[in-house]
């Protein structure tokens, strides 16, 4: 490498310290090659060529930094990891094949047989299935508590408790947990606090700055924002992330370079999209609350929400997902959903297009009726992930649903 090339390569590295979220979403994790490309490049390769057998041995042995095999070393994936770590304020991030892979990798790398997890009873249905059906086979036990009640968390902790796990806001009822207060409880008992930050993203909430140890994302949702790819990411301190990385390296639940590139592009517009999602969702929640066919709206941005004050303190805004109960039963909820014509009927969320689903028969359908009842997921509940379409157009579509109840 010439002196000019060396100086050029040094200049194009970005130091994330001191920059705002909007800037980090565009610039963190940016490592241009000597070609000087402006957009983040994709490295679609399975393996890498070494200059010699000695170099290959040094890299495989960990004596020399560098790429080895894309299951655990890929530049595009690294770019995404660095960017989301900077945005969450974490030391390191490890990307995974999906949000569920992120949860699985975190648990299997940091827990062992005999350990216990205290989990919010209000988490994604697949998380409950993972914990109850599969994690239990490894000898790791899980118990569930009311996410809003700190004493419930405290009383759920045992001598063998090593992790507290939650979503805040929860899916789909927008229940909140005081992260700062819960982190103190977790650390008093030597447990890690793990927060699924999927609904808020680092734009609205940074749990690591509030005392959490690990943050998890389904990058499939808002980080992408356009429903294109599946992926996940875990963010935390180097010590824990090295263990998660070791599991990914061996277990293979890795993120593809192309998906990482899509997520990098998604992060560039995350702030703009979250502003629009939040604005539309708040207006929609206020409108739905006034409709005669609606029993109750679940959205922390409403002053009627019992944790509105906590949400105002803990988050920068209230997110793009809300739920509501229609007057009637499951049949009424299905009629409402089926009557819409523009809104997408799908279980995904965080898309620029508004989506609608019936949680008790889709996203939380694998939970037992008793577990759904305990979590407050009734048969007349509908979840709405509010997109960035014209608000009046969205209201017109939902009015079709109201007329069908």
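The values are calculated or read from the model by the stated rules, or taken from the named source; none is laboratory data. Source: prediction; values computed, not measured. Don't worry about glycine lacking a Cβ; one is built from the backbone with ideal geometry, like all the others, and counts go over all protein chains shown.
Yes/no per residue for (1) assigned to a helix (DSSP H, G or I); (2) in contact with a strand residue (DSSP E or B) (Cβ under 9 Å, 6 or more places away or on another chain); (3) crowded, with 24+ Cβ neighbours inside 10 Å:
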{"residue": "222", "(1), (2), (3)": "no, no, yes"}
{"residue": "228", "(1), (2), (3)": "no, no, no"}
{"residue": "233", "(1), (2), (3)": "no, yes, yes"}
{"residue": "240", "(1), (2), (3)": "yes, yes, no"}
{"residue": "245", "(1), (2), (3)": "yes, yes, no"}
{"residue": "250", "(1), (2), (3)": "yes, no, no"}
{"residue": "253", "(1), (2), (3)": "no, yes, no"}
{"residue": "260", "(1), (2), (3)": "yes, yes, yes"}
{"residue": "263", "(1), (2), (3)": "yes, yes, yes"}
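Here residue 301 fits the description: surrounded by 15 or more Cβ atoms within 10 Å (Cβ to Cβ) and within 20 Å of the chain's Cα centre (by Cα). Picking from residues in region 379-395 that are surrounded by fewer than 17 Cβ atoms within 10 Å (Cβ to Cβ) and in contact (Cβ under 8 Å) with a residue 40 or more places away in the chain, the one that is nearest to residue 287 (Cα to Cα) is 395. Filtered by the rule that a residue be farther than 20 Å from residue 64 by Cα, modelled with pLDDT under 90 and part of a loop (DSSP other than H, G, I, E, B), region 1-27 gives 2, 12, 14, 15, 16, 17, 18. Can you name the condition, by its number, that residue 45 falls short on among (1) at pLDDT 95 or above; (2) surrounded by 15 or more Cβ atoms within 10 Å (Cβ to Cβ); (3) touching a helix residue (DSSP H, G or I) at 6+ places or on another chain (Cβ under 9 Å)? So residue 45 meets the others, but not (2).
Looking across region 315-344 at every residue that is touching a strand residue (DSSP E or B) at 6+ places or on another chain (Cβ under 6 Å) and free of Cβ contacts under 8 Å to residues at least 60 places away in the same chain, the one that is farthest from residue 210 (Cα to Cα) is identified as 333. Considering 309, 317, the condition of being within 28 Å of the chain's Cα centre (by Cα), under 20 Å from residue 352 (Cα atoms) and modelled with pLDDT of 95 or more is satisfied by 317 alone. Of the candidates 388, 382, the single residue that is part of a strand (DSSP E or B), farther than 21 Å from residue 146 by Cβ and either touching a helix residue (DSSP H, G or I) at 6+ places or on another chain (Cβ under 8 Å) or not assigned by TED's automatic domain parsing to the domain that holds residue 98 (or both) is 382. Could you check residue 288 against (1) out of contact with any strand residue (DSSP E or B) (no Cβ under 8 Å at 6 or more places or on another chain); (2) assigned by TED's automatic domain parsing to the domain that holds residue 396 and say which number it fails? Failing condition for residue 288: (1).
For region 347-369, filtered to residues that are out of contact with any strand residue (DSSP E or B) (no Cβ under 6 Å at 6 or more places or on another chain) and not in a loop (DSSP other than H, G, I, E, B), the residue that is surrounded by the fewest Cβ atoms within 10 Å (Cβ to Cβ) is 369. Within the set 185, 203, the sole residue that is surrounded by 16 or more Cβ atoms within 10 Å (Cβ to Cβ), under 20 Å from the mean Cα position of the chain (by Cα) and at pLDDT 95 or above turns out to be 203. Note on region 320-346: among residues that are under 19 Å from the mean Cα position of the chain (by Cα) and surrounded by 16 or more Cβ atoms within 10 Å (Cβ to Cβ), the one that is farthest from residue 384 (Cα to Cα) is 320.
For region 321-331, does any single residue satisfy the condition of being under 28 Å from residue 275 (Cα atoms), in a helix (DSSP H, G or I) and not assigned by TED's automatic domain parsing to the domain that holds residue 221? Checked against the condition, which is being under 28 Å from residue 275 (Cα atoms), in a helix (DSSP H, G or I) and not assigned by TED's automatic domain parsing to the domain that holds residue 221, region 321-331 yields no hits at all.
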